[in-house]
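The values are calculated or read from the model by the stated rules, or taken from the named source; none is laboratory data. This one's a predicted model, so the numbers in the text were calculated from it and none came from an experiment. Cβ placement follows ideal geometry from the backbone for every residue including glycine, while neighbour counts extend to all protein chains displayed. Side chains included, ligands, DNA and RNA excluded: accessible areas come from the protein's heavy atoms. Shrake-Rupley method; radii C 1.70, N 1.55, O 1.52, S 1.80 Å.
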Amino acid sequence: MGDINNIETIITLISIGIAIVSIRYAINLKKYFKEIINVSKRVSNNEHHVRMDLGGNGELGEFAKNYNEMIKSLYKTFDELEYKNLQLKSILKSISNGILAIDIEGNILLINDEAKKIINCPLDTMVEGRNISFAIREEEILKQIMLFMGSRENEKISIKLEDGRFCRIKLDPVYLQNNKSIIIGSIVNLEDISERVKIENMRKNFVANVSHELKTPLTSISGFAETLKLNENIDIETRNRFLDIIDGEANRLRRLIEDILTLSFIETDTKKEKDDVDLYDVYKKVEDMLNISAKSKKIELNCNAEKSIIIKANEDYIKQIILNLVDNAIKYTQENGKVNVDIYEENNKAILKVSDNGIGIPKEDQDRIFERFYRVDKARSREIGGTGLGLAITKHIVINLGGNISVESEMEKGSTFIVSIPQN
């Protein structure tokens, strides 16, 4: 009986021991689960540096070690991807052209701000993952991209948009890696070529105008010279009249060529060296040159200068500006008229204002008078010896000096040309 009681006691003690161990293990296990849940939550909240600490060297310790290594490796990969993504965005942002990457179904994978500007999509609108039909507000661009999408060839086209801009679209197919038979998307290169088209049109117009302007005096010179050659018995008076016409057309041709060369030189001049130029001193030199023509029309020529106003510029350029504006004012002002020149400072800028009480400029022509070869009255301009390039040359010089030129005019009341040039 005593042995049985001893056995029961031993079994009871063993059971109690097992229960204690189990309870303790359960408590530890609960603690470990809490730690795992806590770490998992913090990891999901992007706390990159959190790690699991379960202690011990058993299986749970091995699990914690492997889990920590996994987190470390995972976030290292995330950081690398984020850095590469940042690099890609920086590259896309610095590219002057619009870049748009789309998949085979037309969903946007990547887009830069320049592309958003061209397709009229607000910069703050998130369009990645959306279809191009949602993002592209320019119907013609959308139409061309959808037409080329899925093409195996490099496609390129230039189009005119509704607002008058010109856009070049270049689409390159993107193939599955190591498989040239499967297209997975396209890279669309969008370029606003409005300025280029404008310059090209200006060049074409300039060549056409130059050809026309050169042809007219050359035809006159050739025609009258041929007449003189074939008619030896022409009287002296007629001969001299023909020779005067040839001389006049030759001078007109010379002035035209000089103005074309001047305009070309100004447009290509990148010289940085500038001198201190006193505007009033330059005006006095111009006044000496134009005094005779002003007096011949009984035009009163006045200059109001506050003081010596100095700017950094090329003196020949400043002389050309003042000469062109004052000469034009004299030419287009009737006899007994007035031409006033004002020179003063305003907001760290030198201001040159040339006013007359002449015939004035029609409102519809005022925006175009600085264009090359544009004349308000072609017959009158040629009669007084104009080449149609004076104001174009003046504007290019002013722009070259970082300044601005404008005109205010009213018919039969006169015109005022205002030039402002930074003093520094």
- So which pairs qualify, if the first residue must be in the range 400-420 and acidic (Asp, Glu), the second must be not in a strand (DSSP E or B), the Cβ gap must be under 6 Å, and the two must be at least 6 apart or on different chains? 410/360; 412/360
- Note on the structure: In the range 231-259, anything among the acidic types (Asp, Glu) and surrounded by 15 or more Cβ atoms within 10 Å (Cβ to Cβ) is listed as 249, 259
- Query: Listed residues 336, 347, 324; which is open to solvent by 20 Å² or more (accessible area, probe 1.4 Å), over 28 Å from the mean Cα position of the chain (by Cα) and at positive phi?
  - Reply: 336
- Message: Return the residues of the range 291-305 that are touching a residue at least 12 places away in the same chain (Cβ under 8 Å) and either open to solvent by 80 Å² or more (accessible area, probe 1.4 Å) or charged (D, E, K, R) (or both); say none if nothing qualifies.
- Response: 297, 298, 300, 304
- State yes or no: is residue 382 surrounded by 14 or more Cβ atoms within 10 Å (Cβ to Cβ), in a helix (DSSP H, G or I), at pLDDT below 85 and of a type in the set (D, E, K, R)? yes
- Mind checking which residues of the range 167-205 are exposed (fewer than 12 other Cβ atoms within 10 Å of the Cβ) and closer than 15 Å to residue 97 by Cα? 195
- Filter the range 206-228 down to residues that are open to solvent by 80 Å² or more (accessible area, probe 1.4 Å) and modelled with pLDDT under 85 and give me whichever is farthest from residue 164 (Cα to Cα). 215
- Message: Between 200, 237, 191, which is within 30 Å of residue 121 (Cα to Cα) and free of Cβ contacts under 8 Å to residues at least 24 places away in the same chain?
- Response: 200
- Query: Just one of 278, 288, 316 is in contact with a Ser or Thr (Cβ under 6 Å, 6 or more places away or on another chain) and surrounded by fewer than 18 Cβ atoms within 10 Å (Cβ to Cβ); which is it?
  - Reply: 278
